[in-house]
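A quick write-up on the structure given underneath.
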Amino acid sequence: MQNHFELFGLSPRYFLEKDLLEKAYREIQSRVHPDRFAHAGDAERRASLQSTTRVNEAYRTLRDPVQRAKHILDLQGVDVAFETDTKMPTDFLVQQLELRESLESAVKRKDPAVLDSLGKDLSAEKKTLEAKIGQLIDAAKDYRGAAEQVRKLMFLERLGDEIDAAYEEVE
């Protein structure tokens, strides 16, 4: 079975040209979409549905920075092991605790400005981390080093989700 990059005719790189992915996705979807097989037999309709599901899954994976990195690392035989490898640098964990305390405080005070600031800082940190992951994967081919950075990015993604949810509590 093809990996997600092969499916779209792309090189397995972290820094992905999004417009090439979009173009390949639309092109494949136009060929396999179930609407094209509405009057076909059951087997063809089922195959179309399976193909569409696989294409959509691959597309979602490659569009998402964390999932794209995990996919590349999987291809290289490196497991990110987010659930089992909980070792993180102490300074990073301390920073996470401080950010969560700020988030909790903002919710208690019902202060959307603090949430905005946390979100902005988090976004900048995620961009920096994504650049580092791209350098480790694409240039250095340091897949084990990239796995630790991906775990950090996953922490930040969760915190971003918590910030988004906090807006509902603040309103």
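What number of residues within region 1-51 are touching an Asp or Glu at 6+ places or on another chain (Cβ under 6 Å) and at pLDDT below 95? Total meeting the criteria: 1.
Pairs meeting the criteria (first residue in region 98-126 and free of Cβ contacts under 8 Å to residues at least 40 places away in the same chain and closer than 16 Å to residue 171 by Cα, second residue polar (S, T, N, Q) and assigned to a helix (DSSP H, G or I), beta carbons under 7 Å, at least 6 apart or on different chains) are 114/102. Taking the criterion of being over 18 Å from the mean Cα position of the chain (by Cα) and part of a loop (DSSP other than H, G, I, E, B), the residues of region 1-24 that qualify are 1, 2, 9. Among the residues making up region 63-114, those that are of a type in the set (Lys, Arg) and under 16 Å from the mean Cα position of the chain (by Cα) are 63, 68, 70. Screening region 132-154 for residues that are in a helix (DSSP H, G or I) and open to solvent by 50 Å² or more (accessible area, probe 1.4 Å) and picking the one that is farthest from residue 112 (Cα to Cα) gives 139. Aliphatic (A, V, I, L, M), in a helix (DSSP H, G or I), within 18 Å of residue 72 (Cα to Cα) and open to solvent by less than 50 Å² (accessible area, probe 1.4 Å), is that true of residue 115? No: the conditions fail for residue 115.
Listed by first and then second residue, the pairs linking a residue in region 49-63 that is closer than 14 Å to residue 21 by Cβ to a residue that is assigned to a helix (DSSP H, G or I) and open to solvent by 50 Å² or more (accessible area, probe 1.4 Å), with Cβ atoms under 6 Å apart and 6 or more places separating them unless they lie on different chains, are 61/67.
Residue count for region 69-94 under the criterion of being without any contact (Cβ under 8 Å) to a residue 60 or more places away in the chain and under 15 Å from residue 154 (Cβ atoms): the result is 7.
Looking at region 53-70 only, could you name the residues that are buried (at least 19 other Cβ atoms within 10 Å of the Cβ) and not aliphatic (A, V, I, L, M)? Spell out how you get there, then give the answer.
Just the residues of region 53-70 that are buried (at least 19 other Cβ atoms within 10 Å of the Cβ), to begin with: 55, 58-59, 62, 65-66, 68-70.
Passing the criteria: 59, 65, 68, 70.
Which one of 81, 40 is in contact with a Ser or Thr (Cβ under 8 Å, 6 or more places away or on another chain), in a loop (DSSP other than H, G, I, E, B) and either under 24 Å from residue 168 (Cα atoms) or open to solvent by less than 30 Å² (accessible area, probe 1.4 Å) (or both)?
Working: 81 fails: in contact with a Ser or Thr (Cβ under 8 Å, 6 or more places away or on another chain).
Sole residue among the options that is in contact with a Ser or Thr (Cβ under 8 Å, 6 or more places away or on another chain), in a loop (DSSP other than H, G, I, E, B) and either under 24 Å from residue 168 (Cα atoms) or open to solvent by less than 30 Å² (accessible area, probe 1.4 Å) (or both): 40.
The values are calculated or read from the model by the stated rules, or taken from the named source; none is laboratory data. Values in this document were obtained by computation on a predicted structure and should not be read as measured data. For neighbour counting, all protein chains shown are included, and Cβ atoms are generated from backbone atoms with ideal geometry for every residue, glycine included. Protein only, heavy atoms only, side chains kept; ligands, DNA and RNA dropped before computing areas. Shrake-Rupley method; radii C 1.70, N 1.55, O 1.52, S 1.80 Å.
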